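Mind having a look at this structure? Questions to follow.
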Amino acid sequence: MLSHFPAESSAPGADPAQDALRPASTQLGGDDSAVVALALDLDSDLHFRTRTLLLTRQKFTLEGQEWILSPGMELRLSDHAGVGTLELLDAQGRIAVWRFTMGVQARAARMVDQFHRLMAQLDQAPEQVIEEPARTCPQCQATLPADSDECPECAQEAPQAPPSTWVLLRLWRFARPYRWTLLTGFLLTLASTAATLVPPYLTIPLMDRVLIPFQNGQAIDTGLVLALLGGLLGSALLAWGLGWARTWLLALVSERISSDLRTTTFDHLLELSLDYFSSKRTGDLMARIGSETDRISVFLSLHALDFLTDVLMITMTAVILFSINPWLALATLVPLPFIGWMIHLVRDRLRTGFEKIDRVWGEVTNVLADTIPGIRVVKAFAQEAREARRFKQANEHNLAVNDRINKTWSLFTPTVTLLTEIGLLVVWAFGIWLVSQSEITVGVLTAFIAYIGRFYGRLDSMSRIVSVTQKAASGAKRIFDILDHVSNVPEPAQPVPLTQVQGGLQMEGVSFRYGSRTVIRNLSLDIRPGEMIGLVGHSGSGKSTLVNLLCRFYDVSEGAIRIDGTDIRRVGVADFRRHIGLVLQEPFLFFGTIAENIAYGKPGATRAEIVAAARAAHAHEFILRLPQGYDSLVGERGQGLSGGERQRISIARALLIDPRILILDEATSSVDTETEKEIQKALDNLVQGRTTIAIAHRLSTLRKADRLVVMDRGQVVEIGPHDELMAQRGAYWRLYEAQARKEQEAAALLDADTPEDNDA
């Protein structure tokens, strides 16, 4: 790490690997205090090793080696293929070089800044220790440490806020189209709840005017009994009918709300840029759109309806109880404060618990999403036991988290039941005393007990809804985490339509960064319509990144990319990509028929168009050899087809949409020589009349390109035809010769092995 060091700091022993550096002889001592230190994690051979590079007022020191600072020195910071480099130069050239991984990049930039400050004041006061003024964070105004540009307060990852139940109110966005149906369901709920409250009230005259007088010797009033029993039957039938109607109606609405939620979330997910998917697991996203929306649907169709019924039942029952006898009604409220306190206490614990359960369940689905698509690799390396252990560990973690939640919940539910039973005993005791004092009749107490049973029953039901409510809130939060994410490749407010696309591409001062790592630096390139450009360079030179920028999978950090003079950021994303055909190194085929895969970019294509594209891609012959021809099913990711066959289908897919711009990303690197020849014939048909940008592993395949663009460290270092670049004997010549030597060595090795095989 980068930090201030005291004057007495010393370095460890010398590093013999630093043989390319020119050390000075002066030793660190006196008042030459260290200004800043940088922990390097690579040696000169790019092996992992931790060493401390010190920058003092007068020199650099590293493990006993020193480089005295002098006017005119320069310290350069660069990165390439995941390795950062610090170069110390003087008027004669480079005198030292230090390397590190990208995790040290930000702190290395800080050392460069300190070095420039020292050099700026070296001539004025070389003996003075340069003190940097205190810097503050622009967000929180806290003092920044001298060895970092990051605020330690702001850099700390904020703890995940527990999902609040208020997040469920955001579902109104999806419920709004069904508001009148919901209102009808609410009225049906109100009516059905009122109907269920009629029977206990009818027990008052049934007890006081029929049963108790009969015990005292009076005759039973048959008409009154039939009327009361008819009222009980009618209220029961009415409550049943209204309950069925409201349940069916609200279940339909909840299913539609969850369906809209799934569709909207998936549509938004498709609009997000690639950097979002690079930081997410497939299983986690599948769980969010699948199980989380199902959980919300169950909550809306069942539990939310039950909660609404409980609230109405408790409210209406309380009104009836107070109308019958206020003092007895007050006795029923004794357990309420305790139940409310318990609900509040348990809810806070369940909030974080259920979100943790969701994350842990995402781990389980991630293992499935990794293993099932990669089952061929799993079996090829005999790693079934390993994957079984991974799943078992994730499943056991899920079990442990659920056990902790269930421990809390198992204590809460019986406690609420106990409190309601105690409340019922209080009502019985107080009611018997009131009957003995002739304050109420037995019929009133009987009705009261019936209402109390419903009141406490609904109260107990409401307490149980705490669990499902927190689960639904957790699921809603994870859904809205997706919906609230804004794409880094936004649609223009007023898109410019693309008409009569010629295919000219202009890159003007393009730069791009992955986080803190610069991948493309101030790149400018003009590609004419119909021209074929070959992109070549070492791995990590920025070729694929440039292709991603051209497809607008990412947006440039600086500069602009134009198509026929129009900035691609002013064009609708779908409108722009409609004119681009992309053939990847690893073609992706969907589960479906051959014809469906070829017509993926043009779903309305006729069978004749599909066959014509397949013929041009040299795929027609092998397709006809399949059992059902173009209607043959291919497995997920193209299982059942060879790599060359999958590649030719992907070429046919690109041919069918007839793009003006064609991008070939290592289209022939993963196939054998014979298959490459077939694919190359298909590519020759594909590139005709189109602006083509090709990345190829074998440089010989790009000899037909109009121009070759040689990239290194995110910049264009050479550009021109093959013969011209070979004559220059520069970067392209070195790449070509190195590849030719490798091919010759491989051929010689094969020839050398052949006699031994024959003798054997």
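The values are calculated or read from the model by the stated rules, or taken from the named source; none is laboratory data. Predicted model only: the values in this text are computed from it and were never measured. With ideal geometry, Cβ positions are generated from the backbone for all residues, glycine too; neighbour counts draw on all protein chains shown. Note: areas computed on protein heavy atoms with side chains; ligands, DNA, RNA excluded. Shrake-Rupley method; radii C 1.70, N 1.55, O 1.52, S 1.80 Å.
Might you check whether a residue that is open to solvent by 30 Å² or more (accessible area, probe 1.4 Å), closer than 30 Å to Leu434 by Cβ and more than 20 Å from the chain's Cα centre (by Cα) occurs anywhere in the range 303-313?
Yes; the residues of the range 303-313 include at least one that is open to solvent by 30 Å² or more (accessible area, probe 1.4 Å), closer than 30 Å to Leu434 by Cβ and more than 20 Å from the chain's Cα centre (by Cα).
Hey, among the residues in the range 471-492 that are polar (S, T, N, Q) and farther than 28 Å from Val360 by Cβ, which one's surrounded by the fewest Cβ atoms within 10 Å (Cβ to Cβ)?
It comes out as Asn488.
For the range 210-222, how many residues meet the condition of being in contact with an Asp or Glu (Cβ under 8 Å, 6 or more places away or on another chain) and in contact (Cβ under 8 Å) with a residue 60 or more places away in the chain?
Matching residues across the range 210-222 total 0.
Of the residues that sit in the range 696-742 and are modelled with pLDDT of 75 or more and hydroxyl-bearing (Ser, Thr, Tyr), which one is farthest from His618 (Cα to Cα)?
Tyr732
Next question, about the same structure. From the list Ser258, Ser273, Ser254, exactly one residue is in contact (Cβ under 8 Å) with a residue 24 or more places away in the chain, polar (S, T, N, Q) and within 26 Å of Tyr514 (Cα to Cα). Which is it?
When all the criteria are applied, what remains is Ser273.
On to the next question. Within the bounds of the range 246-259, is there any residue that is in contact with a Pro (Cβ under 7 Å, 6 or more places away or on another chain) and assigned to a helix (DSSP H, G or I)?
no
Sticking with this one: From the list Thr203, Thr193, Thr184, pick out the single residue that is open to solvent by less than 40 Å² (accessible area, probe 1.4 Å), within 28 Å of Leu252 (Cβ to Cβ) and either touching a residue at least 40 places away in the same chain (Cβ under 8 Å) or assigned to a helix (DSSP H, G or I) (or both).
Of Thr203, Thr193, Thr184, the one residue that is open to solvent by less than 40 Å² (accessible area, probe 1.4 Å), within 28 Å of Leu252 (Cβ to Cβ) and either touching a residue at least 40 places away in the same chain (Cβ under 8 Å) or assigned to a helix (DSSP H, G or I) (or both) is Thr193.
Another question about this same structure. Can you tell which of Gln502, Gln470 is over 25 Å from the mean Cα position of the chain (by Cα) and on the phi < 0 side of the Ramachandran plot?
Gln502
Hey, among the residues in the range 419-453 that are among the polar types (S, T, N, Q) and assigned to a loop (DSSP other than H, G, I, E, B), which one's nearest to Ser323 (Cα to Cα)?
Of everything passing the filter in the range 419-453, Thr441 is nearest to Ser323 (Cα to Cα).
I've got another one for you. Which residues, taken from the range 315-328, are in contact (Cβ under 8 Å) with a residue 40 or more places away in the chain and assigned to a helix (DSSP H, G or I)?
Met316, Thr317, Ala318, Ile320, Leu321, Ile324, Trp327, Leu328
Restricting to the range 516-536, count the residues that are open to solvent by less than 70 Å² (accessible area, probe 1.4 Å) and on the phi > 0 side of the Ramachandran plot.
1
Here's something else I'd like to know. What number of residues in the range 597-624 are loosely packed, with under 13 Cβ neighbours inside 10 Å and farther than 12 Å from Glu645 by Cα?
6
Among the residues of the range 244-275, which ones are among the small types (Gly, Ala, Ser) and over 25 Å from Phe174 (Cβ atoms)?
none
Counting only residues that are buried (at least 24 other Cβ atoms within 10 Å of the Cβ), modelled with pLDDT of 80 or more and farther than 21 Å from Leu505 by Cα, how many does the range 650-695 have?
The qualifying residues number 4.
Among the residues in the range 405-415, are any part of a helix (DSSP H, G or I), open to solvent by less than 80 Å² (accessible area, probe 1.4 Å), modelled with pLDDT under 70 and touching a Ser or Thr at 6+ places or on another chain (Cβ under 7 Å)?
Yes, the range 405-415 contains a residue that is part of a helix (DSSP H, G or I), open to solvent by less than 80 Å² (accessible area, probe 1.4 Å), modelled with pLDDT under 70 and touching a Ser or Thr at 6+ places or on another chain (Cβ under 7 Å).
If I filter the range 157-167 for residues that are open to solvent by 40 Å² or more (accessible area, probe 1.4 Å), under 26 Å from Gln470 (Cβ atoms) and charged (D, E, K, R), do I get at least one hit?
yes
Looking at the structure I just gave you, is Leu75 touching a helix residue (DSSP H, G or I) at 6+ places or on another chain (Cβ under 6 Å), open to solvent by less than 30 Å² (accessible area, probe 1.4 Å) and either modelled with pLDDT of 85 or more or charged (D, E, K, R) (or both)?
Criteria met by Leu75.
Let me ask you something else. Collect the residues in the range 418-450 that are open to solvent by 50 Å² or more (accessible area, probe 1.4 Å) and either acidic (Asp, Glu) or modelled with pLDDT under 75 (or both), keeping them in residue-number order.
Glu421, Glu439
Quickly run through the range 237-278 and pick out the residues that are within 22 Å of Gly475 (Cβ to Cβ) and open to solvent by 80 Å² or more (accessible area, probe 1.4 Å).
Across the range 237-278, the qualifying residues are Glu255, Arg256, Phe266, Leu270, Glu271.
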